[in-house]
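Below is one structure, written out as structure tokens; the observations come after it.
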Amino acid sequence: MAEASVRAFFAVGLDAALRDEARTVASTLRERIAALRRQSPRSVDARFTHEDGWHVTLRFLGNVAPVVLGELVSRARTAVEEIAPFDIRLGWAMAFPPRRPRALALDVVPREPLADVALRLDRACADCGFEPEARAFRPHVTLARTRGAGLRERDAEGVAALGAARQRVSDVVLFQSELRPSGARYTPLERVELGAGVHP
């Protein structure tokens, strides 16, 4: 009997310092949404994500056969071995996508090194038979997903993380995603080190 497929993605998890900053932003946004609902009960309803699962998605894979995961990880290691570790921090809150926002998130900066990793991972995935990512990459941490219409870009305006905390990104993680009624559960499957091929 064939093994069940695994819903998976590559991402950078948030450390404690960045989670602290993200928690403050999530609290502010939660208060905004609650105020909107007091004004109009039929306005946007948001379901906030669990902080222990906050991450920056680099490449979503969808359902993957277990036999493919090993090759994916091997190609991913090769893809990022020349990228030296780098620092990231949290930026402004945003509602996205712009036309019909369905989520509240935090921008992550600087974008360039994360975009480089995402591009290389996308190429590695393509080498394993996955379709290239069609959407433009914008690093972010999803704080809430909304139900129904009503979310506007301005609902996140003027809210930002302090930006004082920095996180060193020295690896990316292949996560398994399990969808549950209480919310998604993310389990690390493999860690892929950055800069393995960079000589000091």
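Worth a mention:
- The stretch 134-200 - Kirkwood radius from inverse mean 1/r over Cα pairs (Å): 16.4 Å
- Eigen-decomposition of the gyration tensor built on the alpha-carbon atoms of the stretch 6-193 gives equivalent ellipsoid semi-axes of 30, 18, 14 angstrom, largest listed first.
- Net lengthening on full extension, ARG123/ALA84 (0.36 nm per residue, minus Cα-Cα): 12.2 nm
- Between GLU178 and ASP15, the modelled label-to-label distance comes to 2.8 nm, taking each label 7 Å out from Cα in the direction of the beta carbon.
- Helix axis angle, 66-80 relative to the chain longest principal axis, alpha carbon, degrees: 90 degrees
- Per DSSP, loop GluC sites (Glu not before Pro) in the stretch 103-198 with at most 13 further Cβ within 10 Å: GLU157
- Derived value for the stretch 36-104: Kirkwood hydrodynamic radius 16.6 Å. Basis is the mean of 1/r over every pair of different alpha-carbon atoms.
Coordinate-derived values only; no laboratory data. No experiment lies behind these values; they were computed from the predicted model shown. Quick reminder, even Gly has a Cβ in these numbers, built from the backbone with ideal geometry, and neighbours come from all protein chains shown.
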